[in-house]
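Trainee: This structure is in structure tokens; I'll ask about it shortly.
Only the coordinates and a few stated rules stand behind these numbers; no lab work does. Everything numeric in this text was worked out from a predicted model, so none of it was measured. Reconstructed Cβ throughout: ideal geometry from the backbone, glycine too, with neighbour counts over all protein chains shown.
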Amino acid sequence: MSWEEVQKYFNGGGICFSHEPAYDYRINSAFNEGVPSCVLEIEVSSPTWFTFVISQEDKRIKRDPGYEYLPVMLSVAQPEDDSFHVVFNSTVNGVHPSPDKWTFLQGRDVSLVHKFDAGRYLLVPRILSDKLTDQVPYVLGVIANKEVGTGDVDVSFKTIDSASRVFENFPKFTAELTQTEDVQFQKRPPGAGFPATLSGERLE
């Protein structure tokens with residue numbers, strides 16, 4: 001394949017990471033005026049590997065020739081007194097998230113790979129746009145080396161208030177979280193050929 005053909009048919013390249021075993025979940029989501037339709041409230045009882053991926057619509061199948069990927073990022077925060085503190089953000093290198101840099105990447109897939117110690121966390125998908133009025137759909141991928149929803153690892157869907165300063169890149173912020181009950185997601189456990197489509201207020 002020539003370099004010209006590579007440029008024509010591919011948007012980029014990457015490295016494949018895998019968990020063993022791998023429990024794969026995909027959540028239908030969207031940004032509404034820059035605010036994600038759901039954030040993830042995560043609680044783990046013992047160290048657990050997670051890969052989070054935010055995937056935008058593939059521009060190769062969009063009919064709009066001017067369609068471009070919007071800059072996105074994943075932020076992970078932990079509770080601190082009556083607020084949250086950002087502990088790391090995704091970067092250009094998925095396995096090296098940063099505790100003190102806010103990097104929005106303009107790409108189809110942006111990932112964050114990290115081993116989570118026991119505790120509570122909040123995952124907030126982010127998008128960079130000051131005047132974003134249209135809804136921007138995306139899929140939020142969650143891949144873990146343990147099954148979610150068994151008590152050792154729990155992930156709940158929440159909505160977050162648009163006034164939260166997490167959307168202004170503040171390292172410490174308050175957030176009004178509300179349970180959301182009807183989020184559609186897919187689950188593919190190890191060995192399954194096809195995912196099952198489910199909906200609810202948490203991954204299970």
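Trainee: Checking the cross-link filter: which aspartates and glutamates have an alpha carbon closer than 14 Å to that of Lys158, excluding same-chain neighbours under 8 positions apart?
Mentor: Glu41, Glu43, Glu176, Glu181, Asp182, Glu201
Trainee: List residues of the range 38-56, by number, whose backbone nitrogen lies under 14 Å from a label position 7 Å along Cα→C-beta of Gln78.
Mentor: 42-48
Trainee: Tyr67 to Asp161: FRET efficiency via 1/(1 + (r/R0)^6), r the Cβ-Cβ distance, R0 30 Å, to the nearest 0.05? Present the calculation step by step, with values, prior to reporting the outcome.
Mentor: Details: r = 30 Å, r/R0 = 0.99.
Efficiency for this residue pair is about 0.50.
Trainee: Pop the C-beta distance of Asn169 and Met1 into the FRET formula with R0 = 35 Å and round what comes out to the nearest 0.05. Display every interim value, and only then the final one.
Mentor: Working: r = 41 Å, r/R0 = 1.16.
For R0 = 35 Å, the calculated efficiency reads 0.30.
Trainee: Find the eigenvalues of the gyration tensor of the Cα atoms of the range 16-203, then list the square roots of 5 times those eigenvalues as equivalent ellipsoid semi-axes, largest first, in whole angstrom.
Mentor: On the way: eigenvalues 106, 89, 54 Å².
Semi-axes from the Cα gyration tensor: 23, 21, 16 Å.
Trainee: Please turn the phi angles of the range 48-55 into ³J(HN,Hα) values with the Karplus equation 6.51 cos²θ - 1.76 cosθ + 1.60 (θ = phi - 60°), one per residue in order, whole Hz, x for glycine and proline.
Mentor: 9, 7, 10, 10, 10, 9, 9, 10
Trainee: Continuing with this model, one more query. What spacing in nm lies between the two simple spin-label points modelled at Gln106 and Arg188, each 7 Å away from Cα in the Cβ direction?
Mentor: If labels sit at Gln106 and Arg188, their model points lie 3.0 nm apart.
Trainee: Applying a 10 Å radius around every beta-carbon, put 176-189, 42-55 in order of their mean neighbour count, most first.
Mentor: Averaged packing, sorted descending, gives the order 42-55, 176-189.
Trainee: Provide, for q = 0.23, 0.28, 0.30 Å⁻¹, the log10 of I(q)/I(0) from a solvent-free Debye sum over equal Cα point scatterers in the range 73-136.
Mentor: Log10 I(q)/I(0), no solvent term: -1.01, -1.26, -1.36.
Trainee: While we're looking at this one, here's another question. Set Lys and Arg Cβ to +1 and Asp and Glu Cβ to -1, take the dipole of the chain about its Cα centre, and tell me which of Pro36, Gln135, Val110 lies farthest positive.
Mentor: The residue sitting farthest along the positive end of the dipole is Val110.
Trainee: Right, here's the next one. For the range 16-203, what is the charge dipole size about the Cα centre, in debye to the nearest 20, if Lys and Arg each add +1 at the Cβ and Asp and Glu each add -1 at the Cβ? Before the final figure, lay out the partial values.
Mentor: Details: 18 positive and 26 negative charges, 134 e Å.
Dipole size: approximately 640 debye.
Trainee: At what distance in nm do the modelled label points of Ser45 and Glu176 sit from each other, each positioned 7 Å from its Cα along Cα→Cβ?
Mentor: 3.4 nm
Trainee: Looking at the calculated P(r) for the range 148-204, what percent of the C-alpha pair distances fall above 18 Å? Could you put the intermediate results ahead of the total?
Mentor: Details: 834 of 1596 pairs.
Summing the P(r) tail past 18 Å for the range 148-204 gives 52 percent.
Trainee: In whole Hz, what ³J(HN,Hα) sequence does the range 175-186 give by Karplus (6.51, -1.76, 1.60; θ = phi - 60°), x for Gly and Pro?
Mentor: Result, ordered by residue: 8, 8, 9, 10, 5, 10, 9, 10, 9, 8, 8, 10 Hz.
Trainee: Which entries in the list Lys59/Lys146; Lys59/Lys187; Lys115/Lys187; Lys146/Lys172 go over 28 Å, if you measure between the two C-alpha atoms of each?
Mentor: Numbers: Lys59/Lys146 33 Å; Lys59/Lys187 25 Å; Lys115/Lys187 21 Å; Lys146/Lys172 30 Å.
With Cα atoms farther than 28 Å apart: Lys59/Lys146; Lys146/Lys172.
Trainee: Once you place label points 7 Å from the Cα toward the Cβ at Glu204 and His96, how far apart are they in nm?
Mentor: 4.1 nm
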